[in-house]
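Remarks on the structure that follows.
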Amino acid sequence: MGLTNGHSAIVGLQWGDEGKGKVVDLLTVGFDTVVRYNGGANAGHTVCVGDEKYKLHLLPSGMLYSGKTNVLGNGVVIDPEQLVKEVHGLRERGKQVDAENLKISDRAHVVLPWHKIEDNLLEVTSKAPIGTTGRGIGPCYADKAIRLNAIRMGDLTDDAKLVAKVNRIAEFKNTLLSALASAHKVDFTPVNAEEIIATLRKCMEVLGPMVTDTSSLIHEKLRTGDRFLFEGANANLLDIDHGTYPYVTSSNCSSLGVHTGAAFPGRNLNNVIGIVKAYQTRVGEGPMPTELHDEIGERIREVGREYGTTTGRPRRCGWLDLVALKYTASVSGATHIALMLLDVLAGLTELKICTAYEVDGKKTTNFPADNDVLAKAKPVLESLPGFEESVEDCRTFDELPENAKAYIARIEAEIGVPVVFASVGPRRDQSVLR
């Protein structure tokens, strides 16, 4: 595909859950270093290798290959307990996970118990909840920006600093969260600093040797000729700056996040592979113009197994939104498209795509910045003939049904980016390359 020439980024171009893990897994063999650059344990990748299924939340999908360096960059927020759980889970399945092949940025911020409590309290007490996963991601990024009460992975390698910071911040958080809970008559159990310190010490017995200055590591590897693959979590429409604000995540999950979240210069990134479902899904709150509330939407959900990797929540399903896709492909500078879950559409006699919105009686092809405007948008749908044939055994574009090829061609024509990959099933080998 030419995607392993130089340095590449894998980014979701919708609201997440597009299947990034499979593409990273397939491409990793052509790279030396795989870097996760944003997000936290609120994201999830399900990767199928043969009959084996792996569910990863923090670890890069490159961990499933031997001989690769995997990096959790400074833009990631790390839940130490979750990360240790994943490390042990892969080790139990015979995978190497140690300081040789996993590097954790000492600048990455730490998700702590008070962040999860705050996350859930804010959702419960708000009159306009965002619909978060409750994993503490937003409050952790907020503390990173506020600076006064943040802890980074490098702090955990210094026991005296760890103890001092946890004690000070726990006292502050208990005061703050107690007041919030009391004002809304919600139960609150104060965090215990000693218990948190003990847990972090235990986690660092596993993670400590992996914590390092990944910025220097990346630049050294860049100088010596390593090829990099950057793995984004979440997706463009959830980007804190360029997504459907405020119903977004708290990090830069477009390709623009590569540069801040991994200290990788923009001039060095050669390819941006945008990952796109053959239809549209969304989890949580916020408008979704093409959402289907009928038997077709339910069929897509069940056939596509559209339930969250992290939360198990059912995903909202609808027709492919090319207004949104054209916008996100532009923001991320997508050079190639990987079209996922094409097999889910097999059996439908008619397919529809959204090519414009109608807002207050006016037609537009621009994706609105205002969430209230998006909520009013009615999709202008174009009908295409479906394909009833199964595509699960196809391995080349020529083998795809004619109507499936026409569907792909229509997507390419609208967004101006070539589709070079199509997924026709969950397994590694169920992939069509152009």
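The values are calculated or read from the model by the stated rules, or taken from the named source; none is laboratory data. Just so it is clear, the structure is predicted and the values come from calculations on it, not from any experiment. In this analysis, Cβ positions are derived from the backbone assuming ideal geometry, glycine residues included, and neighbour counts consider all displayed protein chains. Accessible surface is based on the protein model in full, side chains and every heavy atom, while ligands, DNA and RNA are left aside. Shrake-Rupley method; radii C 1.70, N 1.55, O 1.52, S 1.80 Å.
Data table
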| read-out | value |
| --- | --- |
| For the stretch 164-240 and the stretch 98-156, distance of Cα centres in Å | 5 |
| Sorted peptide list for 208-215, 369-376, 330-337, criterion being average Cβ within 10 angstrom, highest first | 330-337, 208-215, 369-376 |
| Environment charge at Arg434 (Cβ cut-off 12 Å; Lys +1, Arg +1, Asp -1, Glu -1) | -1 |
| Share of alpha-carbon pairs per 10 Å distance bin for the chain, given as whole % | 4, 22, 31, 25, 13, 4, 0 |
| Members of Lys144/Lys185; Lys116/Lys202; Lys22/Lys144; Lys20/Lys202 lying beyond 26 Å, as alpha-carbon distances in this model show | Lys144/Lys185; Lys22/Lys144; Lys20/Lys202 |
| Charge sum, other residues only, whose C-beta stays under 11 Å from Gly361's C-beta, Lys/Arg counted +1 and Asp/Glu -1 | +2 |
| Sulfur and carbon atoms: percent of accessible area, the stretch 1-86 [1.4 Å] | 43 |
| Per DSSP, loop trypsin sites (Lys or Arg not before Pro) in the stretch 114-210 with at most 12 further Cβ within 10 Å | Lys127, Arg147, Lys185 |
| Percent of beta bridges antiparallel (DSSP, the chain, rounded to nearest 5) | 40 |
| DSSP beta bridges in the stretch 56-213 [antiparallel fraction, %, rounded to 5] | 10 |
| Accessible carbon and sulfur surface of the stretch 107-211 relative to its total accessible area, %, 1.4 Å | 54 |
| Rounded accessible area per residue of the stretch 210-312, 1.4 Å, Å² | 37 |
| Rough spin-label spacing in nm, given labels placed 7 Å along Cα→Cβ, for Arg91 and Glu52 | 1.7 |
| Candidate residues Val124, Val23: accessible-area rank, largest first, probe 1.4 Å | Val124, Val23 |
| Length-normalised contact order of the chain in % [C-alpha pairs under 8 Å, at least 6 apart] | 20 |
| Rel. contact order, % - alpha carbon contacts under 8 angstrom, at least six apart, the stretch 184-283 | 17 |
| Burial ranking of peptide ranges 338-349, 293-304, 35-46 (average Cβ count within 10 Å, highest at the top) | 35-46, 338-349, 293-304 |
| Loop sites in the stretch 76-144: GluC sites (Glu not before Pro), DSSP, at most 12 other Cβ within 10 Å | Glu100 |
| Relative contact order [Cα under 8 Å, 6+ residues apart], the stretch 1-121, whole percent | 22 |
